[in-house]
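Sharing a structure, written as structure tokens. Questions coming.
The numbers here are math on the coordinates, done by the rules we state, and not lab data. Quick caveat, the model's predicted, so the values are computed rather than measured. Here Cβ is always computed from backbone atoms with ideal geometry, including for glycine, and neighbour counts include all displayed protein chains.
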Amino acid sequence: MEIPFYIVDAFSRNVFGGNPAAVCPLREWLSDDLLSSIALENNQSETAFFVGERGRYRLRWFTPAFEIALCGHATLASAYVVFQFLEPSLNSVIFETASGDLQVTRNGQSLSMDLPARPGVTADCPIDLREGLGIAPAEVYLARDFLVIVDTEEIVRGCSPKFEMLQNLPSLGIIVSAPSRTWDFVSRVFFPTDSIKEDSVTGSAHCTLVPYWSRRLGKTTLRARQISARGGDLLCEDLGDRVRLSGNAAVYSVGTIRLG
């Protein structure tokens with residue numbers, strides 16, 4: 001069995017930036033155990049698998065450890081593969097996912113995807129969260145992830161988590177964010193229970209970030225920067241119950257997975 005295999009750097013104009021995702025188009029679904037084994041072998045933050053044709057695909061995302069319900073950067077990477085390699089005549093693609101239908105459109109080199117908004121609710125700050133991050137939060141919210149608001153970009157850059165203290169918190173990830181002089185806001189995103197502890201650029205985290213910053217700054221279009229080591233830029237729009245994220249992508253590798 002041979003499976004096409006791509007590594008795409010999402011939310012970057014050039015390779016070695018943004019967030020890499022593995023993308024594997026399939027003719028038909030493989031067993032969940034085999035999908036998990038491929039994702040573990042790929043050792044990317046996410047591997048995207050999809051099945052379909054003619055601009056409509058069923059899409060699933062796997063980390064090296066488990067399947068997840070929503071992943072932004074691997075959705076953008078999957079759309080890039082469709083547009084560049086599978087159906088180059090298309091300018092729009094719809095992915096059927098565990099989080100509903102997600103549409104991605106392209107305008108030149110820019111890709112825009114429509115995701116469900118996931119605003120956080122005000123939450124108390126657990127001791128393990130405060131001490132595990134080593135910072136004093138100004139505000140704390142909880143959706144799928146904890147959203148920790150701090151006062152300055154410098155605090156976000158200097159955050160050095162103690163992941164062993166964060167592993168038992170009631171959230172998948174932890175977002176640390178602040179206003180910025182260069183962008184509307186910056187962030188970093190940590191996943192204490194995953195093998196990849198800090199995500200380079202996290203589209204799904206912006207489903208929580210955008211509603212917060214849109215409300216706080218009083219604007220619906222925002223420029224964001226995830227200030228991980230690789231870094232990535234996102235143009236964000238608050239659409240109410242949806243969030244539109246736009247960015248670029250670059251292909252790093254094209255190959256084949258051979259099984260058996």
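Using +1 on the beta carbon of Lys and Arg, -1 on that of Asp and Glu, and nothing else charged, what's the dipole of region 121-238 about the Cα centre, debye to 20?
Result for region 121-238 is approximately 260 debye, rounded to the nearest 20.
Within region 115-197, which trypsin sites (Lys or Arg not before Pro) sit in a loop by DSSP and count at most 10 neighbouring Cβ atoms inside 10 Å?
Within region 115-197, the qualifying trypsin sites (Lys or Arg not before Pro) (loop, at most 10 other Cβ atoms within 10 Å) are Arg181.
Same structure, new question: Calculate the radius of gyration of the Cα atoms of the chain to one decimal place, then report Dmax, the largest Cα-Cα distance, as a whole number, both in Å.
17.7, 56
Calculate the spin-label point distance for Leu259 paired with Ala65, positioning each point 7 Å from the Cα along the beta-carbon direction, and give it in nanometres.
About 2.4 nm, to one decimal.
Now for a separate question. Please state the relative contact order of region 173-217 as a whole percent: Cα pairs under 8 Å, 6+ residues apart? Walk me through the numbers before you get to the answer.
Numbers: 41 pairs, mean separation 12.1, N = 45.
Once divided by the residue count of region 173-217, the mean separation gives 27 percent.
Put a dot 7 Å past each Cα toward the Cβ at Ala136 and Val15; how far apart are the dots in nm?
With each label point 7 Å from Cα toward Cβ, the separation is 4.7 nm.
Using θ = phi - 60° and the Karplus relation 6.51 cos²θ - 1.76 cosθ + 1.60, list the HN-Hα couplings for region 25-42 in order, rounded to whole Hz, with x at every Gly or Pro.
Listing the rounded values in order: x, 10, 6, 8, 6, 8, 5, 4, 4, 5, 4, 5, 5, 5, 4, 5, 5, 5 Hz.
Separate question: Given the alpha-carbon gyration tensor of region 121-238, what are the semi-axes of its equivalent ellipsoid in whole angstrom, ordered largest first, with each equal to the square root of 5 times an eigenvalue?
In descending order the semi-axes read 21, 15, 13 Å.
How far is helix 72-81 tilted, in degrees, relative to the longest principal axis of the Cα atoms in the chain, given as a value from 0 to 90 rounded to the nearest 10?
With rounding to tens, the tilt is 30 degrees.
Hey, could you get me the Stokes-Einstein D for region 1-147, Kirkwood radius over alpha-carbon pairs, 25 °C and 0.890 mPa s, rounded to whole µm² s⁻¹?
In µm²/s, the coefficient rounds to 147.
Helix-only mean residue ellipticity at 222 nm, the chain, DSSP H runs n ≥ 4 weighted -39,500 (n - 2.57), per residue, nearest 500. What is it? Can you show the working numbers first?
Values: 6 runs with 50 residues, N = 260.
About -5500 deg cm²/dmol.
Can you give the extra length, in nm with one decimal, that the chain gains between Ser92 and Glu164 once fully stretched, where that is 0.36 nm per residue apart less the Cα-Cα distance?
Extending this stretch completely gives an extra 21.7 nm.
Further, regarding this structure: Residue farthest toward the positive end of the dipole of region 121-238, with Cβ of Lys/Arg at +1 and Asp/Glu at -1: which of Ser171, Thr122, Leu234?
Leu234
Tell me which chymotrypsin sites (Phe, Trp or Tyr not before Pro) from region 57-100 have a DSSP coil assignment and no more than 12 other beta carbons within 10 Å of their own.
Phe66
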